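J.: Before I ask anything, let me first share the structure, which is written out below as structure tokens.
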Amino acid sequence: MSSMKLTCLDCGQVNRLPSSKLGPGAKCGTCGARLMPGKAVEVDFDTLQKAARNDDLPLVVDFWAPWCGPCRMMAPEYAKAATELGDQARLVKLNTEQHQKAGTAYGIRGIPTMAAFAGGRERARQTGAMPAASIVSWVRGAT
Ligand SMILES: [Zn+2]
């Protein structure tokens, strides 16, 4: 693929960029935020929907909440997985307490739940905390 669509995780603008430009230096044409932050950033419902529908790069979301013990335990593992996966996929987090609409819209019943999107569709879903290595292989297998 010579060019790809990537939603800015900061302002929600859908950017189009040459695949060769994908990397830590890629910036949003609207707000200047890094398109590949290199870590799992928090997103809101609107940004998640846009990115899940439009992005040409696989997107993984961790539905979590501050009161959830297993979610907090998995956070550092998820962060490690984001580093490990590099530019193969973008990993984001959605706080289901702050964005309850999102949990309902995606039918989230238990947390942590991870969902992997690729090509505008949900490809896989996994409920329950996992160590970094398992997250990485799950993402690679799902996308
Ligand atoms: Zn932006």
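The values are calculated or read from the model by the stated rules, or taken from the named source; none is laboratory data. Everything numeric in this text was worked out from a predicted model, so none of it was measured. We place every Cβ from the backbone using ideal geometry, glycine too, and count neighbours over all the protein chains shown. Note: areas computed on protein heavy atoms with side chains; ligands, DNA, RNA excluded. Shrake-Rupley method; radii C 1.70, N 1.55, O 1.52, S 1.80 Å.
J.: Inspect the stretch 94-114 for any residue being within 23 Å of LEU6 (Cα to Cα), within 16 Å of the ligand (Cβ to nearest atom) and either hydrophobic (A, V, I, L, M, F, W, C) or open to solvent by 50 Å² or more (accessible area, probe 1.4 Å) (or both) and give the result as yes or no.
T.: No - not one qualifying residue is present in the stretch 94-114.
J.: Within 12 Å of the chain's Cα centre (by Cα), within 16 Å of the ligand (Cβ to nearest atom) and surrounded by 14 or more Cβ atoms within 10 Å (Cβ to Cβ): which single residue out of LEU22, LEU85, LEU17, LEU9 fits that description?
T.: LEU9
J.: Quick check: anything in the stretch 52-71 within 11 Å of the ligand (Cβ to nearest atom), charged (D, E, K, R), open to solvent by 20 Å² or more (accessible area, probe 1.4 Å) and out of contact with any helix residue (DSSP H, G or I) (no Cβ under 8 Å at 6 or more places or on another chain)?
T.: No, the conditions are met nowhere in the stretch 52-71.
J.: Out of (1) under 14 Å from the mean Cα position of the chain (by Cα); (2) crowded, with 17+ Cβ neighbours inside 10 Å, what's the single condition that is false for ASP46?
T.: It fails just one condition, (2).
J.: Is there any pair with a first residue in the stretch 83-101 that is touching a residue at least 12 places away in the same chain (Cβ under 8 Å) and a second that is among the acidic types (Asp, Glu) and buried (at least 19 other Cβ atoms within 10 Å of the Cβ) whose Cβ atoms are under 7 Å apart and which are 6 or more apart or on different chains, and what are they?
T.: Short answer, once both residue conditions are applied: LYS93/ASP62.
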